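Comments concern the structure below.
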Amino acid sequence: MNTIETLRQIGLSPEFLSGKVAVVSGAGRGIGKELAHALAWCGARVILAEIFNEGLQVEEEIHAAGGSARFARTDVSDAAQVERLVEFTRKTFGPVDLLVNNAIVCPVASVVEMEPALWDKTIAVNLRGAYLMARAFVPEMISRHSGVIINMVSTDAMPGLSAYIASKQGLVGFSQSLAAEVGAQGVRVIAFAPGMVDTPGIRGVARDLAPRLGVTEKEFLNLSLHPAYTGLMPAAHAATAAVYLAGALAEEYHGDVVDGYEILQRCGLIAAPQSALKETDAPPTGSPVRKMTPGRIELIRQGILLCQGLVKILEETSDEFNHLPVFARPMARAGFKNKAGASIQEWIRLAENTCAQLEEVEGLDSQTERELGDCYPRLKELMGRLIQYLREVPDETARFTRDAALLREVAQRAAQRESLIRSLMAVLDTLLEV
């Protein structure tokens, strides 16, 4: 699959990142290679920080395509080499706007099988390398009050990948801590988990890893974590997601952990799963369309107004997060996602989509009415979790302040928000005859 065609497909142009300077570690193959091509096509000048000669080949390919890139042989685990990389980048292209920490080592071995030297190498490249790169490039970003750092993270725990997973989960914490440190200076930091991506790296570990997971090598390489794919995600899609995240969504996802599937849905390259809000064990109801009476029309309109109110509540909550002390913002967003069942931005899109569905039902769209009915059990469960989150807000706030007036205001606001959500649930219960 061609990366440039994918970029065009989502509406990006060669001017999207014009004038920007990007550094990509591990740019010799896989996601790093595709990302370097994508950044260069979008107008960025790209430094290929790669330890192997494959980086030179990527440089030649980008030049042949009309882009701007330079290969800089770099072992990111070596502090002296990283410092040389900074000087080379500054002299070649100027100050850096985007840093992507993508270089990895991924050995397959159980804890008892793994030699300490291999563990140390994995941590050195995957985690220490990201630290050294950030430490080297962040000061310049802070001085310019601008910059984006994307740290590539990975999947949950798997047998045989202890060192790799430990390094990547450590990188999540590092990313969130760094985000809290530099956010006020205009630098954005995101932990990006691309997904199950078809790369030489994953194919290289498949033979040894698959048996530990109880599957064949072929079955492992046909794994899919999203219905948009029949197997692994193409590397071109992962690169496209990273470019779109860096260029269009860095502010929104600062301090967060986000996966490639979500970003690809946001940019319209893949569709959200149809069953995302359905009960997994409940078949579609296929309920007949109800007769549109004046009372029913009024109920739908009430639902629309309440949905609009929910959107406003969620947007206010997002704004409240943004006014917290910098160090507290990632924790607040993560706490919301954990308790409310989805991130604040996912909740906003969900509320907006429900509002749009109600408007279509008012316009006598029978298919949308059936879809809303099928999705509602899951939506109702999520609204219940959101209510529980709101109930805990006053106590959570009390951990950080003893201002009685403020605590009363927070409790009152939370109660008002809960009341609106309960009213919306009551309307939808009646409308859908739950």
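The values are calculated or read from the model by the stated rules, or taken from the named source; none is laboratory data. Everything quoted here is computed from the prediction, not taken from an experiment. Counting neighbours? That spans all protein chains shown, and the Cβs are built from the backbone with ideal geometry, glycine included.
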* Asked: So is A40 in contact with a Gly (Cβ under 8 Å, 6 or more places away or on another chain), of a type in the set (G, A, S) and in a helix (DSSP H, G or I) or not?
  -> yes
* Structure fact -> Going through region 74-87 in order, the residues found to be under 12 Å from S25 (Cβ atoms) and surrounded by fewer than 16 Cβ atoms within 10 Å (Cβ to Cβ) are none
* To do: Just name the residue that is nearest to the chain's Cα centre (by Cα) out of those in region 350-373 that are modelled with pLDDT of 85 or more and more than 20 Å from G295 (Cβ to Cβ).
  => L350
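Can you find a residue in region 204-214 that is at positive phi, loosely packed, with under 14 Cβ neighbours inside 10 Å and either acidic (D, E) or at pLDDT below 95 (or both)? Lay out the reasoning, then the answer.
Of all residues in region 204-214, those at positive phi come to 214.
Applying the additional criterion that residues be loosely packed, with under 14 Cβ neighbours inside 10 Å yields 214.
Filter again for either acidic (D, E) or at pLDDT below 95 (or both), leaving 214.
Checked region 204-214: at least one residue is at positive phi, loosely packed, with under 14 Cβ neighbours inside 10 Å and either acidic (D, E) or at pLDDT below 95 (or both).
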* To do: Being of a type in the set (A, V, I, L, M) and touching a Leu at 6+ places or on another chain (Cβ under 8 Å) narrows it down to one of V86, V76, so name that one.
  => V76
* Structure fact -> Here the qualifying pairs (Cβ atoms under 6 Å; residues six or more apart or on different chains; first in region 81-92 and within 17 Å of A134 (Cβ to Cβ); second acidic (D, E)) come out as Q81/D75
* To do: Could you pull out the residue among A250, A236, A206, A228 that is free of Cβ contacts under 8 Å to residues at least 40 places away in the same chain and among the aliphatic types (A, V, I, L, M)?
  => A206
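Of everything in region 391-406, what is under 17 Å from A332 (Cα atoms) and either of a type outside the set (S, T, Y) or modelled with pLDDT of 95 or more (or both)? Give them in sequence order. It would help to see each step written out before you state the result.
Initially, region 391-406 is screened for residues under 17 Å from A332 (Cα atoms), giving 391-401.
Result: R391, E392, V393, P394, D395, E396, A398, R399, F400.
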* Enumerate the pairs (first residue in region 161-176 and under 21 Å from R329 (Cβ atoms); second residue anywhere and among the aliphatic types (A, V, I, L, M) and modelled with pLDDT under 95) with beta-carbon separation below 7 Å, excluding pairs fewer than 6 apart on the same chain, so at least 6 apart or on different chains. => V172/V257
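Here is a yes/no grid of residues against (1) in a helix (DSSP H, G or I); (2) at pLDDT below 95; (3) farther than 27 Å from R207 by Cα:
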position	(1), (2), (3)
G66	no, no, yes
A103	no, no, no
I150	no, no, yes
K168	yes, no, no
* Structure fact -> The lone condition V189 fails out of (1) surrounded by fewer than 24 Cβ atoms within 10 Å (Cβ to Cβ); (2) more than 26 Å from R212 (Cβ to Cβ); (3) not small (G, A, S) is (1)
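Out of V112, V138, V86, V105, report the one residue that is within 20 Å of F52 (Cβ to Cβ) and assigned by TED's automatic domain parsing to the domain that holds A193.
That would be V105, the only listed residue that is within 20 Å of F52 (Cβ to Cβ) and assigned by TED's automatic domain parsing to the domain that holds A193.
Considering only region 393-434, how many residues are over 18 Å from G295 (Cβ atoms) and either of a type outside the set (D, E, K, R) or in contact with a Leu (Cβ under 6 Å, 6 or more places away or on another chain) (or both)?
22
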* Does E61 satisfy being among the acidic types (D, E), surrounded by fewer than 18 Cβ atoms within 10 Å (Cβ to Cβ) and in contact (Cβ under 8 Å) with a residue 12 or more places away in the chain? -> yes
* To do: Mind listing whichever residues of region 1-31 are outside any loop (DSSP other than H, G, I, E, B) and either of a type in the set (K, R) or over 20 Å from G66 (Cβ atoms) (or both)?
  => R8, V23, S25, G30, I31
* From the list R402, R349, R417, pick out the single residue that is surrounded by 15 or more Cβ atoms within 10 Å (Cβ to Cβ), basic (K, R) and free of Cβ contacts under 8 Å to residues at least 24 places away in the same chain. => R349
* Could you please find all residues in region 321-334 being touching a helix residue (DSSP H, G or I) at 6+ places or on another chain (Cβ under 8 Å), surrounded by fewer than 16 Cβ atoms within 10 Å (Cβ to Cβ) and modelled with pLDDT of 80 or more? => N322
